[in-house]
Amino acid sequence: MEASSKFIARTALAGWLGELSARFRVWAPRREGRAVLYRPFDPQAPEDNLPELDKKPTESAKHIIFPRSEPLINFRRKRDPEHPGQFLLDLRVPEAPGPSLIFGLPPCDARGFMVFDPVYNGSGTDGQARDIYYLRRRAAALLIVRSCSRTLSTCFCNWVGGAPDSAEGADILASEAEDGFLLEPVSSEGAAALDSGLLVPADENRLKAAQAARDEAKKTLKPAPDISGAGKALLERFEDAAFWKGEAAHCLSCGICTFLCPTCYCFNVTDETAGANGVRLRSWDACMTPLFTLEASGHNPRQDKAARLKNRIGHKFSYYPELHEARFACVGCGRCIKSCPSGVDIRRIVTDSVGLTQSPKPKAAPRNIPGGKE
Amino acid sequence: MATQEELKKIILDVLPDVDCVIGWGPGPEPLCASPYFMRNPEDVDYLLAGPASVHNPALFLPEYKGRKTGVVVKGCDSRSVVQLISENLIRREDVVIIGFPCAGVVDASKIAAKLGPYGEPGETERAIFDKDALNLSLGGKELSIPLSEILADKCSRCKHPGAVISDYFAGEAADALQVKDDFTDLAGLESLPLEERFRFWEKEMSRCIRCYACRNACPLCVCRDHCVASSREPHWLAQANGVRDNLMFQVIHATHLAGRCTGCGECQRACPVHIPVLLLKRSLGRAVEQLFGHHAGLDPESRPPLLTFQMEETNIKEREW
């Protein structure tokens with residue numbers, strides 16, 4: 001593998017992404033004020049939209065493969081000339097999307113797609129339930145993962161089988177090496193994308209520098225507790241209403257955690273009409289909202305935020321792993337913790353459930369207390 | 001801080017008579033506290049009432065309607081409590097209001113700006129607030145930032161740092177401050193031509209992910225599970241995640257809050273992609289102030305002008321049009 005590794009100088013990066021733009025729609029993280037979002041790379045103005053690679057993107061990359069809202073069919077209603085009292089529908093299927101390339105996503109975002117795959121590729125239904133909209137984008141996407149040069153206090157990929165330099169799900173693994181990036185092909189598609197005159201073969205020093213930086217980043221993660229019992233513990237907690245009311249007390253029941261999450265894959269389908277025209281949309285749904293489980297009768301089996309939070313955590317750490325080879329439906333990116341306006345910490349809920357910690361009655365010494373010193 | 005100890009004593013006294021006392025406690029990372037629900041005496045040890053107590057605990061009160069609940073409030077939070085009482089969304093006799101002299105809370109955006117590229121939550125290793133400064137460790141370095149430079153904008157225009165209503169008050173209650181709110185935050189945007197203002201909102205709203213955290217963090221957005229935004233029948237908003245529908249929701253939100261919003265700023269603080277949605281509420285709030293002379297959240301007996309009517313409005317000369 002190392003023999004075919006390449007190196008690209010930071011100064012050549014925009015040029016290479018420009019080159020790739022001829023074959024792919026290129027996406028890369030970009031800073032907008034305080035937020036870092038995945039935006040299309042503009043090859044016409046490459047220097048103006050250089051990727052932000054030092055910071056973890058605020059959002060995950062999932063919307064590139066699984067758009068926030070995606071038109072499935074456009075329709076137009078018109079009068080039937082044969083039967084004037086009736087209507088006909090003109091249907092138009094939107095054009096299929098072309099290939100995309102995501103440059104600079106952190107390893108947790110690439111692993112997020114590994115959680116999506118078994119749900120949508122039909123593997124659990126003998127190929128019966130295949131999501132063509134997801135699969136066609138997924139099959140045509142090239143992922144250039146950048147290993148993390150440092151981690152945040154909200155990061156916990158090592159709890160759930162990840163690492164700051166994990167290549168799982170990647171086509172190319174990019175690692176910071178001095179004045180540029182070491183590019184290691186992981187898949188054959190990745191290797192093909194490294195065929196460019198702007199790249200040079202990686203020399204020994206750069207290979208070493210990249211490895212050293214990756215080892216350094218790994219050291220910044222705190223050791224992971226043993227949460228292998230979470231699946232069983234969460235099932236046992238299912239009827240424990242007091243536990244869930246306590247955990248959810250400060251939850252706002254908003255959609256931040258779900259929508260920033262690289263693994264939350266639920267969607268809704270609605271017809272949006274304006275006059276005679278309309279579109280059938282598939283858009284993100286969130287189990288933290290009441291509408292997610294509202295039944296036509298008016299009954300809602302998940303009446304309160306405690307029931308909704310229980311489902312979210314249970315799904316990620318118990319029900320999903322039960323169905324999909326013990327893989328947690330969480331990649332430990334920590335965005336739900338970092339962006340939660342109310343300080344809900346998914347790690348704490350999991351460790352509470354397995355009995356490693358106890359909330360909301362902190363009896364042991366609390367963790368870092370802001371404003372705590374007097 | 002003697003105040004913090006006095007607060008704890010008051011909470012311990014109140015605790016036996018209430019379901020819980022809502023305040024602030026340790027959050028998941030050093031720069032951020034978390035709303036905190038105290039039920040047992042030992043919980044009270046971890047109370048944090050200081051510059052990191054950014055959340056508005058009044059938000060949770062309607063959930064506890066009908067149950068006696070204690071709430072620790074900053075001045076701005078107390079205005080939300082008053083507003084909720086005035087609209088009969090909570091009952092005065094259900095809440096035990098505990099005030100303290102607030103010295104302002106920090107704005108995470110300002111901290112991030114001070115710290116450069118590494119100032120986001122999750123990047124700080126340790127943070128301790130003292131009287132005038134935030135001391136923190138970041139990337140192995142020790143830094144100190146004067147509090148005055150990172151306090152939220154709402155604190156600089158705050159007239160009531162102590163509670164406007166309270167059953168208990170820790171420390172010395174002070175008179176209202178003589179501070180003028182001249183809406184400087186709106187001035188820059190309003191100096192632009194209309195088309196440019198619209199382009200500003202188009203750009204901001206293109207980041208919106210429709211998570212509705214702005215709505216759910218708002219103490220006066222009390223429709224909760226029955227919001228027009230998620231109603232299919234009638235269908236006010238499309239699921240399409242475009243600027244048009246994103247902005248439409250913000251306009252609905254701001255309109256419903258005109259004359260009710262107390263400017264606590266939680267909508268804007270909650271936004272994960274940092275859209276300045278408070279500007280919309282401030283603009284409509286100012287219009288209501290100018291038209292009706294009404295200031296939300298100061299008098300539990302008052303009615304928001306848009307929730308009532310007069311045969312002849314004082315400042316609206318209908319017959320002279």
Förster radius 22 Å - calculated FRET efficiency between residue A:273 and residue B:225 (Cβ-Cβ, nearest 0.05) = 0.30
Rounded if a/c is under 1.5, else prolate if a/b beats b/c, else oblate: with a ≥ b ≥ c from the C-alpha gyration tensor eigenvalues square-rooted, which is segment A:2-219?
-> prolate
Residues with amide H under 5 Å from that of residue B:36, placed H, sequence gap 5 or more | B:23, B:24, B:25
May I ask you to evaluate 6.51 cos²θ - 1.76 cosθ + 1.60, the Karplus curve with θ = phi - 60°, for each residue of segment B:116-129 and list the ³J(HN,Hα) values in order in whole Hz, giving x for glycine and proline?
-> x, x, 10, x, 7, x, x, 9, 7, 7, 8, 9, 9, 8
Computed helical MRE - 222 nm, chain A, DSSP H runs ≥ 4 contributing -39500 (n - 2.57), nearest 500 = -7000 deg cm²/dmol
Which ³J(HN,Hα) values, rounded to whole Hz and listed in residue order, are derived for segment A:329-343 from phi using the Karplus coefficients 6.51, -1.76 and 1.60 in 6.51 cos²θ - 1.76 cosθ + 1.60 with θ = phi - 60°, glycine and proline given as x?
-> 8, 8, 10, x, 6, x, 5, 5, 7, 5, 9, 5, x, 10, x
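Could you work out the relative contact order of chain B? I mean the mean sequence separation of Cα pairs under 8 Å and 6+ apart, divided by the number of residues, in percent. Spell out each step's value before the answer.
Working: 507 pairs, mean separation 53.8, N = 321.
For chain B, the relative contact order is 17 percent.
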What shape does chain B take by its C-alpha gyration tensor, where a ≥ b ≥ c are the square roots of the eigenvalues and a/c under 1.5 counts as rounded, a/b above b/c as prolate, and the rest as oblate?
-> oblate
Zone of residue B:197 (label point 7 Å along Cα→Cβ, backbone N under 11 Å): which residues in segment B:278-293?
-> B:280, B:283-284
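So what's Rg/Rh here for the protein assembly as shown, counting alpha carbon atoms and using the Kirkwood radius for Rh? Write out the running numbers ahead of the final one.
Details: Rg = 26.4 Å, Rh = 27.1 Å.
For the protein assembly as shown, the value is 0.97.
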Modelled label-to-label distance, residue B:137 and residue B:286, 7 Å Cα→beta-carbon offset: nm?
-> 4.5
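Give me the mean projected area, in nm² to one decimal, of the convex hull enclosing the Cα positions of chain A.
Details: hull surface 98.3 nm².
Projected area, direction-averaged: 24.6 nm².
For a footprinting-style exposure proxy, rank A:258, A:263 by other Cβ within 10 Å, fewest first. Spell out each step's value before the answer.
Details: A:258 23, A:263 26.
Fewest to most other Cβ atoms nearby, the residues stand as A:258, A:263.
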Reachable aspartates and glutamates from residue B:154, Cα under 14 Å, same-chain residues fewer than 8 places away excluded?
-> B:77, B:107, B:181, B:182, B:185, B:266
The cysteines in chain A that find no other cysteine Cβ closer than 4.7 Å to their own Cβ are A:148, A:155, A:157, A:251, A:254, A:266, A:287, A:330, A:340
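Of the listed pairs A:56/A:338; A:56/A:219; A:208/B:141; A:305/B:65; A:232/A:310, which have alpha-carbon separations greater than 21 Å here? Could you put the intermediate results ahead of the total?
Details: A:56/A:338 11 Å; A:56/A:219 18 Å; A:208/B:141 27 Å; A:305/B:65 16 Å; A:232/A:310 14 Å.
Those over the limit are A:208/B:141.
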Grab the DSSP H runs of chain B that are 4 residues or longer, score each as -39,500 (n - 2.57), total them, divide by all residues and round the 222 nm result to the nearest 500 deg cm²/dmol.
-> -8500 deg cm²/dmol
Hey, rough spin-label estimate for residue B:176 and residue A:224, points 7 angstrom out along Cα→Cβ, what's it come to in nanometres?
-> 5.6
At R0 = 22 Å, FRET efficiency that the Cβ-Cβ distance of residue B:93 and residue B:308 yields, to 0.05 | 0.40
Please work out the FRET efficiency for the pair residue A:50 and residue B:118, using the Cβ-Cβ distance as r and a Förster radius of 25 Å; give the result to the nearest 0.05.
-> 0.85
Cα pair distances of segment A:1-103 binned at 5 Å [whole percent] = 2, 10, 15, 15, 15, 11, 8, 6, 5, 5, 4, 3, 1, 1, 0
Give me the distance in nm between label points sitting 7 Å out from Cα along the Cα-to-Cβ direction at residue B:125 and residue A:135, one decimal.
-> 4.9
Kirkwood Rh over Cα pairs of segment A:171-236 into Stokes-Einstein at 10 °C, 1.306 mPa s: D in µm²/s?
-> 108
Computed curve, segment B:181-321, Cα-only Debye sum without solvent term, log₁₀ I(q)/I(0) at 0.14 Å⁻¹, is -0.75
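Does segment A:230-353 come out rounded, prolate or oblate by the C-alpha gyration tensor, with a ≥ b ≥ c the root eigenvalues, rounded set by a/c under 1.5 and, if not, prolate when a/b is larger than b/c and oblate if not? Intermediate values should be presented prior to the final figure.
Numbers: a/c = 1.79, a/b = 1.63, b/c = 1.10.
Because a/c hits 1.5 or more and a/b exceeds b/c, segment A:230-353 counts as prolate.
Every number in this text was worked out from the coordinates using simple rules, so none of it is lab data. Not measured: the values here are computed from a predicted model. Heads up, the Cβs are rebuilt from the backbone with ideal geometry, glycines too, and the neighbour counts pull from every protein chain shown.
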